[in-house]
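See below for the structure under consideration.
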Amino acid sequence: MRGAEWDLPSSSDGPDTDPARPRRSRGEITIEALRTVPNLAKLCLRLIADPGVPRKTKVLLAAAGGYFLLPFDVIPEMFFPVIGRVDDLLLLAYALDRLLDAVEPSVLQEHWDGDEDALELVRAFIAWAGELMPAPLRRILE
């Protein structure tokens, strides 16, 4: 994060240093990521149906999705409205990160309906959110 504005890197080569690329605010990036949700849902369904994706990864995503949808939680939304959704979202982000890491980039491209930049943004956002999962819980899920 750099001051009030930040941008997710487009590759793992290091920080984005392209002066021609305008900086986007956190809100702009979040809105752009949310616009990709329908394509992300289609991608997940297609990857779950793909026989090349490891079964363990599919089960983790299904369990995270079920946990997200069920009214029973470790931190209930009824008593902690904002914080109660955080555990759901972190688990879902972690499972999505594992799913996207489990397949080759060519398979992701084949199943993705959006543009390539949107996929990179989604991958970076999900990876960042997945890293917020506490390390002990991450070890249990691996």
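Descriptive notes on the structure:
- Residues of region 57-80 classified as assigned to a helix (DSSP H, G or I), surrounded by 11 or more Cβ atoms within 10 Å (Cβ to Cβ) and not small (G, A, S), total: 7
- Of residues in region 12-45 being within 16 Å of the chain's Cα centre (by Cα) and of a type in the set (S, T, Y), the one modelled with the highest pLDDT: T36
- When residues of region 105-114 are limited to those that are part of a loop (DSSP other than H, G, I, E, B) and buried (at least 16 other Cβ atoms within 10 Å of the Cβ), the one modelled with the highest pLDDT: W112
- D117 being surrounded by fewer than 17 Cβ atoms within 10 Å (Cβ to Cβ) and not in a loop (DSSP other than H, G, I, E, B): yes
- Only residues that are β-branched (V, I, T), within 11 Å of the chain's Cα centre (by Cα) and surrounded by fewer than 16 Cβ atoms within 10 Å (Cβ to Cβ) were counted in region 120-142, giving 0.
- Complete set of residues in region 49-90 that are in contact (Cβ under 8 Å) with a residue 40 or more places away in the chain and in contact with a Leu (Cβ under 8 Å, 6 or more places away or on another chain): V53, T57, K58, L60, L90
- For region 81-104, filtered to residues that are among the charged types (D, E, K, R) and assigned to a helix (DSSP H, G or I), the residue that is surrounded by the fewest Cβ atoms within 10 Å (Cβ to Cβ) is D101.
- Residue check, E110 acidic (D, E) and without any contact (Cβ under 8 Å) to a residue 12 or more places away in the chain: yes
- Qualifying positions in region 36-56 - out of contact with any His (no Cβ under 8 Å at 6 or more places or on another chain), over 14 Å from A95 (Cβ atoms) and assigned to a loop (DSSP other than H, G, I, E, B): T36, P51, G52
The values are calculated or read from the model by the stated rules, or taken from the named source; none is laboratory data. Note that this is a predicted model, so its numbers are computed, not measured. Every residue, glycine as well, gets a Cβ built from its backbone with ideal geometry; the counts of neighbours run over all protein chains shown.
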